[in-house]
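For reference, the structure is listed below as structure tokens.
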Amino acid sequence: RFLCQPKPQPKEQNQNMNNNQADSIVVSNVSSAIVTAAKGFAKRHKVITFSYVYGMSILCAIVLIGSGTKLTFDQQRQYNQIMNSIDLQAEYTAASKYHTSYANYYQSKGWFSCDAHCQHYKSIMDRRKSEWEEIKAEGNARMSDAKSVAGLFSEVGVTEVKDSFWDYFNSGKQFAKRQSWWDALFMGMRSMSRDESFIEYGLKMLMQVLINFSMGLIMALVIFIFGLWGIISSYQANPLTALFFFVSAASAAFAFVSTYLFAIYGAAAGGVVAVVKMAESNMRIEAARGGGGGARVRNGYVERNRNRPHYQ
């Protein structure tokens, strides 16, 4: 069966070669346009470009060198001694008393008023709250002293900053996933009501997923940067060291989030291009099988034969 098939004609071979050459020219043009746009963006936004390059270098240094300097024996001993002096049981007891007093106050107050009985529970709640805040302040002060012994660039400081970033980063991804599920549900219902095709629904959903991930990760990055200075301040470092660490950590976070988003955009664009190429190849195959009675391919487009009878 396969031996009896006719060999492709020179005209068909030339058409395939022309299509392949056109595809390669389009890919090269798109690549050159992307490179030109990237160079123009780098020249116009030098601060953003420097932050990205500097952040990538910090990430490479963390991967190659490691997460901070290790504590010496004396540093480890002093750090553990100060951390063990924090009375966690007292803080837990004070928190429990405050929550109990708040529950009593909440049960005694009215919608828009608070009588003498309610004021009594409110005074107890305020007293319990002040006691809890004093104990927390004392514990935070001792923890800050222990962190100052370890140092900002130690494995303790770098690990704390990394854990904070990963917490916000994962929260941003979870936000994007939840929002995408809801968008898929409601967009699917709207697509069924409008009789949209599956391809249109898929493209709209892809754009919405990219928007959700962009919003979630950028929001996580901003929140992380705002909370970063609080972590740095707890190590009692000198201003220059603290500023250098802040710029380095913020640049590294910005570079990682940007690279992650670029990877998502690239994967989405590659998937769309692959689907378009596959659909175009199928159209060419169908046009070639149809011969002269149905359609022909010119410059990548399928042209129908308008002279065929209406019943074909």
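So, of the residues in the range 104-150 that are among the basic types (Lys, Arg) and more than 30 Å from ASN238 (Cβ to Cβ), which turns out to be modelled with the lowest pLDDT?
Across the range 104-150, the extreme among qualifying residues is LYS109.
When you scan the range 127-141, how many residues do you find that are within 18 Å of ILE82 (Cα to Cα) and open to solvent by less than 80 Å² (accessible area, probe 1.4 Å)?
Residues that pass the stated criteria total 5.
Can you confirm whether ASP167 is modelled with pLDDT of 90 or more, open to solvent by less than 90 Å² (accessible area, probe 1.4 Å), within 25 Å of GLU91 (Cβ to Cβ) and among the charged types (D, E, K, R)?
Numbers: modelled with pLDDT of 90 or more: yes; open to solvent by less than 90 Å² (accessible area, probe 1.4 Å): no; within 25 Å of GLU91 (Cβ to Cβ): yes; among the charged types (D, E, K, R): yes.
For ASP167, the condition - modelled with pLDDT of 90 or more, open to solvent by less than 90 Å² (accessible area, probe 1.4 Å), within 25 Å of GLU91 (Cβ to Cβ) and among the charged types (D, E, K, R) - is not met.
Pairs under 8 Å by beta carbon, first residue charged (D, E, K, R) in the range 81-97, partner open to solvent by less than 60 Å² (accessible area, probe 1.4 Å), six or more apart or different chains?
Here the result reads ASP87/ILE135; ASP87/GLY139; GLU91/TRP132; GLU91/ILE135; GLU91/GLY139; LYS97/TRP132, each pair linking the range 81-97 to a residue that is open to solvent by less than 60 Å² (accessible area, probe 1.4 Å).
Could you pull out the residue among SER123, SER144 that is surrounded by fewer than 17 Cβ atoms within 10 Å (Cβ to Cβ), among the small types (Gly, Ala, Ser) and within 30 Å of LEU59 (Cβ to Cβ)? Give the steps one after another, and end with the answer.
On the way: SER123 fails: within 30 Å of LEU59 (Cβ to Cβ).
Unique residue meeting the criteria: SER144.
Have a look at GLY227, GLY266 and point out the one that is open to solvent by less than 70 Å² (accessible area, probe 1.4 Å) and either touching a helix residue (DSSP H, G or I) at 6+ places or on another chain (Cβ under 7 Å) or of a type in the set (D, E, K, R) (or both).
Values: GLY266 fails: either touching a helix residue (DSSP H, G or I) at 6+ places or on another chain (Cβ under 7 Å) or of a type in the set (D, E, K, R) (or both).
Of the residues listed, the single one that is open to solvent by less than 70 Å² (accessible area, probe 1.4 Å) and either touching a helix residue (DSSP H, G or I) at 6+ places or on another chain (Cβ under 7 Å) or of a type in the set (D, E, K, R) (or both) is GLY227.
Looking at the range 57-116 only, could you name the residues that are open to solvent by less than 80 Å² (accessible area, probe 1.4 Å), under 30 Å from ALA252 (Cβ atoms) and not in a helix (DSSP H, G or I)?
Result: GLY66, SER67, GLY68, LEU71, THR72.
Please pick out the residue among SER180, SER234, SER248, SER197 that is surrounded by 15 or more Cβ atoms within 10 Å (Cβ to Cβ) and within 21 Å of VAL272 (Cβ to Cβ).
On the way: SER234 fails: within 21 Å of VAL272 (Cβ to Cβ); SER248 fails: within 21 Å of VAL272 (Cβ to Cβ); SER197 fails: surrounded by 15 or more Cβ atoms within 10 Å (Cβ to Cβ).
Just one listed residue meets the conditions, SER180.
The values are calculated or read from the model by the stated rules, or taken from the named source; none is laboratory data. Being a predicted model, the structure only gives us computed values, none of them experimental. Heads up, the Cβs are rebuilt from the backbone with ideal geometry, glycines too, and the neighbour counts pull from every protein chain shown. In case anyone asks, the SASA skips ligands and DNA or RNA and just uses the protein heavy atoms, side chains included. Shrake-Rupley method; radii C 1.70, N 1.55, O 1.52, S 1.80 Å.
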